[in-house]
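Take a look at the structure below.
The values are calculated or read from the model by the stated rules, or taken from the named source; none is laboratory data. Not measured: the values here are computed from a predicted model. With ideal geometry, Cβ positions are generated from the backbone for all residues, glycine too; neighbour counts draw on all protein chains shown.
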Amino acid sequence: MNPEFLAKGGSMSEIESLELKREVMLRLIRALLDGEELEEIAKIISMDPNLSARLLKFINSPYFGLRREIKSIIQAIAYLGYRNLKDYVFVLLTSSFLKSANKEEIKEILKFAFLMRELAKRLFPEHEDEAYMVGILEPVREKVGDEIKELLEKAGVSETVIYGLLDPESKLGRLKEEVKQLMKVYDKLEKGDNVQLPPLLSQLSKEELIESYILAEDNAQSLISYL
Amino acid sequence: MEEKVNRQTILRLIKALNDEEELSVISKIISTDPALTAKLLKFVNSAYFSLKREIDSIEDAVAYLGYRKLREVAFSILLSSILVNKPKEEILKLLTFAYIMKLTAQRSVPELTEEAFMVGILWPIYKENKEETLKMLKEANVSKVVIDGLKDPKSPLGVLRVFAEKLLPYCEKLNNKEAVEIPVKTEKFKKEFLINICLSASLEAEKIIDLL
């Protein structure tokens, strides 16, 4: 926990409502994607005391069930690993664009992103992580439109992700559109009704689709309480 | 010929990760063993992660992986160092078993996911030499729930282990594209979940086997 913040009387709920610096999050994402040195990653996080506080709160939450409290940013990064940290920062970035969204809405976004990852794992395993990014960033694209391109270029996000967001004909763009359709017809699919699946998803069995959906829902549910 | 990783170092590393020691402590332990250092650097710089720049320090490699992934890797190295004479296919099968444990636990006992993987990895070692394995695990400060998972088939992870043992042969057939009907019937898991577990466990095992 940020000792200075707490010394000033800050509480946990105040930490949650603190404004995060978007520029810092974008720099952080770039550094994580580039595999920058640990010290550099820690330096970037420390540029935003609110981000540091949020990260320490997250790592010390029951979600990780640590035996002892982690107090340093370096230690928090090392415990999480770059991939998990990147996933977390993307959630924070998206939340920063959707300030009025409630927990249920954020959970739906997470579910969509996890479902993108699960299905990409089967269809395009080489783009598993990028599919998650497309999923988590799609609500931001819906809000800011093509401006997202500039934002993501600044963050060093790959062209596969940018095209996945902006071009419905790209590999991840097609997956994104089909996953949206799947979310609409999922209840019928689960009930065993005859559902016409789009081309990419029809390569998978009904069982795989149901299982992926359940996994995505579970992951979103377990994460949302601790964000 | 590739240098062997010192088993004591791996055990010390696992203990330090279990104790959530500081990054400097973890890195220092790894650095005492050149073979382990080389393996880890090779792993993080492999095509599996396709990093834009090369990671050349142990601290960065640990931070890149994170403690949980590193522990999984450390246990896998421990397994291969003990079963050194087994063929690669056999090690792959054992790793698949450990991932079946992990993925099944994720659904049934999510708070014990990592411990389930440990039971899966340790089970073949425990079967070969019970007393020595228990002594080794005590030294590595491995939790009681893991030890119970090995010793007691009625403990939470013991139940899962017995289940995973029944499932494994069917997963192998499934992964060999043989048409099989999964016969394991439980109230907890649906058939589609078990099929998914089989396929995912095999994929995870294949990702890590080249490191060993």
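Of all residues being within 13 Å of chain A (Cβ to nearest Cβ), more than 20 Å from the chain's Cα centre (by Cα) and touching a residue at least 24 places away in the same chain (Cβ under 8 Å) in the stretch B:1-26, which is farthest from A:Ile74 (Cα to Cα)? Just the residue, please.
Restricting to residues being within 13 Å of chain A (Cβ to nearest Cβ), more than 20 Å from the chain's Cα centre (by Cα) and touching a residue at least 24 places away in the same chain (Cβ under 8 Å), the top hit is B:Ser24.
Does any residue of the stretch B:30-48 turn out to be surrounded by fewer than 20 Cβ atoms within 10 Å (Cβ to Cβ), closer than 16 Å to B:Ala205 by Cβ, touching a residue at least 40 places away in the same chain (Cβ under 8 Å) and within 11 Å of chain A (Cβ to nearest Cβ)?
Within the stretch B:30-48 (the criterion being surrounded by fewer than 20 Cβ atoms within 10 Å (Cβ to Cβ), closer than 16 Å to B:Ala205 by Cβ, touching a residue at least 40 places away in the same chain (Cβ under 8 Å) and within 11 Å of chain A (Cβ to nearest Cβ)), the answer is yes, since at least one residue qualifies.
Among the residues that make up the stretch B:186-194, is at least one of them within 16 Å of B:Tyr99 (Cα to Cα), more than 14 Å from chain A (Cβ to nearest Cβ) and surrounded by 15 or more Cβ atoms within 10 Å (Cβ to Cβ)?
Within the stretch B:186-194 (the criterion being within 16 Å of B:Tyr99 (Cα to Cα), more than 14 Å from chain A (Cβ to nearest Cβ) and surrounded by 15 or more Cβ atoms within 10 Å (Cβ to Cβ)), the answer is no, since none of the residues qualifies.
Hey, could you check the stretch A:36-92 for residues that are in a loop (DSSP other than H, G, I, E, B), more than 29 Å from B:Leu112 (Cα to Cα) and within 11 Å of another protein chain (Cβ to nearest Cβ) and say which is farthest from the chain's Cα centre (by Cα)?
Top of the filtered list is A:Glu37.
Suppose we filter A:Glu4, A:Glu40, A:Glu19 for residues that are at pLDDT 95 or above, touching a helix residue (DSSP H, G or I) at 6+ places or on another chain (Cβ under 8 Å) and among the charged types (D, E, K, R); which single one remains?
Selected residue: A:Glu40, the only one of A:Glu4, A:Glu40, A:Glu19 that is at pLDDT 95 or above, touching a helix residue (DSSP H, G or I) at 6+ places or on another chain (Cβ under 8 Å) and among the charged types (D, E, K, R).
Could you check the stretch B:54-71 and list, in sequence order, the residues that are surrounded by fewer than 20 Cβ atoms within 10 Å (Cβ to Cβ) and more than 8 Å from every other protein chain (Cβ to nearest Cβ)?
Hits for the stretch B:54-71 are B:Glu54, B:Asp56, B:Arg71.
Give all pairs with beta carbons closer than 9 Å in which a residue from the stretch A:193-208 that is within 14 Å of another protein chain (Cβ to nearest Cβ) meets a residue that is of a type in the set (Phe, Trp, Tyr); count only pairs at least 6 apart in sequence or on separate chains.
Here the result reads A:Glu207/B:Phe193, each pair linking the stretch A:193-208 to a residue that is of a type in the set (Phe, Trp, Tyr).
Kindly check whether there is at least one residue in the stretch B:153-176 that is acidic (Asp, Glu) and touching a residue at least 40 places away in the same chain (Cβ under 8 Å).
yes
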